1. HN-Hα J couplings of region 29-40 from phi, Karplus 6.51/-1.76/1.60, θ = phi - 60°, integer Hz, Gly and Pro as x?
2. Can you list residues from other chains, or at least 5 along the same chain, whose modelled amide H is less than 5 Å from the amide H of Ile186?
3. To the nearest 20 debye, what charge dipole does region 86-197 have about its Cα centre, counting +1 at the Cβ of each Lys and Arg and -1 at the Cβ of each Asp and Glu?
4. Does region 91-217 classify as rounded, prolate or oblate by the C-alpha gyration tensor (a ≥ b ≥ c root eigenvalues; a/c under 1.5 gives rounded; else a/b over b/c gives prolate, otherwise oblate)?
5. To check my understanding: the extent here is largest minus smallest coordinate of the Cα atoms along each principal axis. What are those three numbers for the chain, in Å, largest first?
6. Can you give me the convex hull volume of the Cα atoms of region 144-265, divided per residue and expressed in Å³?
7. Cross-link partners among aspartates and glutamates for Lys8, C-alpha distance below 20 Å, same-chain residues fewer than 8 apart left out?
8. Going by Cβ distance under 4.7 Å, what cysteines of the chain have no possible disulfide partner?
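The values are calculated or read from the model by the stated rules, or taken from the named source; none is laboratory data. Here the structure is a predicted model, which means the values were calculated and not measured. Every residue, glycine among them, receives a Cβ derived from its backbone with ideal geometry; neighbour counts consider all protein chains shown. Accessible surface areas use protein heavy atoms only, side chains included; no ligands, DNA or RNA. Shrake-Rupley method; radii C 1.70, N 1.55, O 1.52, S 1.80 Å.
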Amino acid sequence: MFDKFNRKINYLRISVTDRCNLRCVYCMPEEGVELLDHKEILTFDEIVDLTKAAIRKGVEKVRITGGEPLVRNGIIDLVKMIGEIDGIKDYSMTTNAIRLDKFADDLAKAGLQRVNISLDTMNPEKFKQITRGGDIQKVFDGIRAAKKAGLEPIKINCVIKDDNQEPDAVEVAKYCKENGLHIRYIKEMDLEKGEFSIVDGGTGGDCGTCNRLRLTANGNIKPCLFSDISYNVRELGAERAIDLAIGNKPETGHTNLTGKFYNIGG
Ligand code: SAM
Ligand code: SF4
């Protein structure tokens, strides 16, 4: 389906949880995170119904994200249920990879094609600081497992402050080159201030070519990360919520005062 600005909307990002096993400084507060009540979170059947409706309207690319998708109970079953829907040409997941070592094989068997993994530094101490406690070795184990399982091409999301020549980004780029991984630099964004820019090496942040819809874990379809507009699937039904989101997708993003990366889905 095309929106008012003639953009072909063919990409759905599904946030399956607002929970996370890390607390990255640019994404989540250290404590006092207001989490969704379990009954607010969409069931697997609701997510599958919405995905089917989106595919009927032209979606061909689906990404599972969060929060951290690998902390949602039964995630392999959900990945399989979505993977069995006809019409998905590109099926991926964004993960922090902390639990990927354990899950990579089953994800691949469940039909997932590839993964994007977040990694901003090669320094274990710095990783611990950025993620407030994460163990970088688990990420490396996860990457190795993803390669072995064939979840490729593997893209590394590297958040930068200013540019891709920062020492941490240069080291991550070197690691990627040595290990056959693709790097995408994402400049740190501020949803409230409306600070965002084009993802270097990726497709995000370019309003003129934006092809995305987002589904939050509690069933809101959002046509733009940098806008508060959303349509609730439980209130409106999947078809109508999708039509409204596409019909009212803003020409460009501005600010988002009601959500954060971890609960909208980055
Ligand atoms: N937990 C998973 C992960 O970290 O890969 C998936 C969800 S996370 C919200 C998705 C992506 O959003 C990550 O690559 C993360 O680095 C990015 N992200 C989170 N907060 C950000 C911010 N303020 N600016 C830019 N990117 C951000
Ligand atoms: Fe969790 Fe991903 Fe946000 Fe980090 S960026 S706190 S791993 S959701």
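1. Those phi angles translate into x, 5, 9, x, 6, 7, 9, 5, 6, 4, 6, 6 Hz.
2. The answer is Cys158, Val159, Ile160.
3. 380
4. Here region 91-217 falls in the oblate category.
5. Here the spans come out as 47, 40, 36 Å, largest first.
6. 128
7. Cross-link targets: Glu60, Asp86, Asp90, Asp206, Glu239, Asp243, Glu251.
8. Lone cysteines by the Cβ rule: Cys20, Cys158, Cys176, Cys207, Cys210, Cys224.
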